[in-house]
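For reference, the structure is listed below as structure tokens.
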């Protein structure tokens, strides 16, 4: 079923002579499928088709776009075991994780379909005319969101379904009315192709224009850079490393017409454990964090890479308890030799940093590509003075910073780079005595959690997945939840436009029965 | 009353040895007030104060911030003739225009105050917990908008009040909860200082923190560049030229932590006049456009610099009628010798372009710094082949493009750079025969107007002032209307946060009685 070809709209194409294969990290062998790197000509064709498709797709009703998204979900489910097996053999992740992620992906598509069916997401705003106003008449103004144009999506290594081919970026961009060109992730190109088949089939079955979706293979950076530079591409969605996201952001900013890039990148997700919580609930939190740090071999963007507390006997005991818990967790396979290679290299460099203590590194033999988890600790002064200690180590690694006092804790938090999440572990009301700590943490993160773990990103309207740079390249948007659609739309105003020529969303009769802001008041009434 | 000093929060400072003066274009002399260019040390102090003020200001209630904005409006009105006289002598614009723009400025401040008093603008979104959900409990998530941090505002030469010191950018940023540092426009530094006095006085009277507002003088680009590079500055608002806006955008994108820049820049605001409208309403539109092209010496960002029609006897007659109307309009003074210098230079270069016909250039003697309006025409093929003809000439200049047919018209529109506005002049229903033209125009603009002129930007929720690049650097935002506040805020999520520690906007009891999205439904009820 997997051909290794590029999807140029509804056409398949394999004109290039460069090929690559994916890797099964559990068996430690290459998978047999061969993928054809997209050529410049194929890139051009995909983008031109997307641009042509845009002229049609942007005018398709929300109801029909919803049908398309639901059909994608159905087609993904119909791939059944074929998809699950491909997912597992390209990632080393277990079947349960594959199915869970598939459920999340399908749920995201269905959620955006519901948003389109309801229709109020376009933020329709109407100010009616006052012809008699002095000194000049007030015009009739009507505003709604319209799609930006073709969007290029770069998927993540660690979420082959939920943050990749048909993940949140694709679902939200298609919902917005933007054609999507996916730059397939080379580590799971087969999973990507299967999902691309599902999208393509859904598009054809629901009568979407050819070019509304393309999937381009690439093992390197050239295809991605060409896509970002292409004048007909209007926005970029990316999930991955800081280096990768920043490179695309820089390319987009250098264009003669700069375009928006939403890159969700690295994070160490600081967790502050307050003294009373350590005193009273040391075991509970040691257990919870041992699980969170090692979940999915630590390959989550919300993995807790940094724990912070105030120096005490309790904190020392907690560090040991955590190490004790974590040493009993069986190591798991990482996604790819390149990922475990980077993990081991960065961990090795970190271990050489002065004043860093390795409390625990998994001591027993592990299978090839399996990651040895590690827990380290450092004092607050060392952490402040050495920015190398602030960097993300993608994998099951965490560092506990033992601060002098709450002032130093607040200072450290304030100096961290931007983060996806921050967490406060507090025993009952003790958080009230740490308002400066909470304020400093809040300033650096997109989401703040009380007495929990940062892993687990609920798909819900109130979720914010993003945050100050480098958690994302634009803290004003989210990658998860319905508001993710806002990345791909612009407001557009009509002045004194004839009612019959307005889009349905803005007509006097409000035929879609959506909620609109009319003369400053929300209403779903007709005018 | 004007001291020429910089406002570093509540302090005044004039440490620099570089000074400059503003210019009275009507009298053609320098104004007597001397302004002190801000030094690097003064820039640092202003930004540091803004950052300190942010810690306090972001937690001040909407009601109190509204008091602050209303007090600014009151203080501006209290400046009375002092402000009007300074405005006129620094711009050459008439008193009526000064008072009109002051009214707009005050209205904008009051509008944002109302938005804060009502409070729902924070877009509060709540998803309540489902502890019994399988396989994992659903957390309680609550999201609202929070301010980004210190914002730097660069005002426009052509709107010393409405788009400058206390203009839309400052009003929306202060409303968002962001301290503002204005880089004062050198052409109206005295007007800027008077308005800065009003803001500073309002801030002190309403108990706002020192540093919530600063005003820095500068005649060159260095102060602006230093501000954009400053790590504690978190966003930029700019109104002005493409060259200026793009330079700041590039600086911001190069930072180790890139920050958002909303620059509202150039536009030639294409106007399409359809054949039947020319046949039946030639006179009406010639009169209307003669006024619009020369309004304020053509110094509006929405000035109609490009008119397009389909070649015909009617179009030729319209061109002549327009020229006839416009030649009878008395030239007016431009803002500054530099502005008229650039106007005359660009007009002179344009006149040398091949196949461009000058239909009319005001022939009589004019006073110094007064602009001679000009109307030119060109055929569609020439316009397509020569991108120099697509550039903005800031002043009372317009070009009529005579297209071969509606296909060429649509093609030309589709190839234009992004524009603030586009206009269709149509006789009754004839627009229905030009759907491709309308579609092409809509794709390139932020606001589309039916049977009107683009000059006149209503301050209203449904206004979109912005558009595809280079009309703005980010088409997803507006510079005018309540949604302008969205440029300066980011969504922020709380997970399982204790109710009593949540901001009022997100508490169960909904003490502010705002409209919130609770489990997907808008409501102003408590939970």
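Remarks
- Residue match in segment A:111-126 (condition: under 21 Å from the mean Cα position of the chain (by Cα) and on the phi > 0 side of the Ramachandran plot): no
- Residue in segment B:103-113 that is in contact with a strand residue (DSSP E or B) (Cβ under 8 Å, 6 or more places away or on another chain), within 12 Å of chain A (Cβ to nearest Cβ), crowded, with 20+ Cβ neighbours inside 10 Å and at pLDDT 95 or above present: no
- When residue B:421 is tested against (1) out of contact with any strand residue (DSSP E or B) (no Cβ under 6 Å at 6 or more places or on another chain); (2) buried (at least 18 other Cβ atoms within 10 Å of the Cβ), just one condition goes unmet, and that condition is (1).
- Restricting attention to segment B:130-143, the residues that are more than 10 Å from chain A (Cβ to nearest Cβ) and within 16 Å of residue B:498 (Cβ to Cβ) add up to 1.
- For the residues B:236, B:221, B:199, the requirement of being modelled with pLDDT under 95 and assigned by TED's automatic domain parsing to the domain that holds residue B:76 singles out B:221.
- Segment A:476-485: number of residues that are touching a residue at least 24 places away in the same chain (Cβ under 8 Å) and either closer than 16 Å to residue B:259 by Cα or facing another protein chain (nearest Cβ under 9 Å) (or both): 3
- Residue in segment B:101-121 that is in a loop (DSSP other than H, G, I, E, B) and closer than 30 Å to residue A:449 by Cβ present: yes
- Filter result for residue B:481 (touching a strand residue (DSSP E or B) at 6+ places or on another chain (Cβ under 9 Å) and in the same structural domain as residue B:118 (by TED's automatic domain parsing)): yes
- Of the residues contained in segment B:26-34, none is found to be more than 27 Å from the chain's Cα centre (by Cα) and either part of a helix (DSSP H, G or I) or within 30 Å of residue B:177 (Cβ to Cβ) (or both).
- Residue match in segment B:235-244 (condition: within 14 Å of chain A (Cβ to nearest Cβ) and free of Cβ contacts under 8 Å to residues at least 12 places away in the same chain): yes
- Every residue from segment B:293-315 that is surrounded by fewer than 21 Cβ atoms within 10 Å (Cβ to Cβ) and in contact with a strand residue (DSSP E or B) (Cβ under 8 Å, 6 or more places away or on another chain): B:311
- Counted residues, segment B:305-315 - those being free of Cβ contacts under 8 Å to residues at least 40 places away in the same chain and either assigned to a helix (DSSP H, G or I) or not assigned by TED's automatic domain parsing to the domain that holds residue B:441 (or both): 2
- Here is the figure for segment A:488-515: residues that are within 8 Å of another protein chain (Cβ to nearest Cβ) and either in contact with a helix residue (DSSP H, G or I) (Cβ under 7 Å, 6 or more places away or on another chain) or not in a loop (DSSP other than H, G, I, E, B) (or both) total 9.
- Conditions (1) in contact with a helix residue (DSSP H, G or I) (Cβ under 6 Å, 6 or more places away or on another chain); (2) not in a helix (DSSP H, G or I); number of the one not met by residue A:322: (2)
- Evaluation of residue A:267 against (1) surrounded by fewer than 23 Cβ atoms within 10 Å (Cβ to Cβ); (2) farther than 20 Å from residue A:172 by Cβ (one fails), failing number: (1)
- Test result for residue A:57, in contact (Cβ under 8 Å) with a residue 60 or more places away in the chain, under 22 Å from residue A:200 (Cα atoms) and crowded, with 18+ Cβ neighbours inside 10 Å: yes
- Set B:46, B:63, B:50, B:71: member being assigned to a helix (DSSP H, G or I) and surrounded by fewer than 18 Cβ atoms within 10 Å (Cβ to Cβ): B:63
- Residue check, residue A:423 under 30 Å from residue B:131 (Cβ atoms), under 29 Å from the mean Cα position of the chain (by Cα) and in contact (Cβ under 8 Å) with a residue 60 or more places away in the chain: yes
- Residue A:341 vs. criteria farther than 30 Å from residue A:463 by Cβ, surrounded by fewer than 20 Cβ atoms within 10 Å (Cβ to Cβ) and out of contact with any strand residue (DSSP E or B) (no Cβ under 9 Å at 6 or more places or on another chain): yes
- Sole residue being assigned by TED's automatic domain parsing to the domain that holds residue B:70 and on the phi > 0 side of the Ramachandran plot, chosen from B:167, B:92: B:92
- Given (1) within 12 Å of another protein chain (Cβ to nearest Cβ); (2) exposed (fewer than 15 other Cβ atoms within 10 Å of the Cβ); (3) farther than 22 Å from residue A:464 by Cβ, index of the condition residue B:95 fails: (1)
The values are calculated or read from the model by the stated rules, or taken from the named source; none is laboratory data. Owing to the predicted nature of the structure, the values given are computational and were not obtained by experimental measurement. Cβ sites come from the backbone with ideal geometry, for glycine too, and all protein chains shown count toward neighbours.
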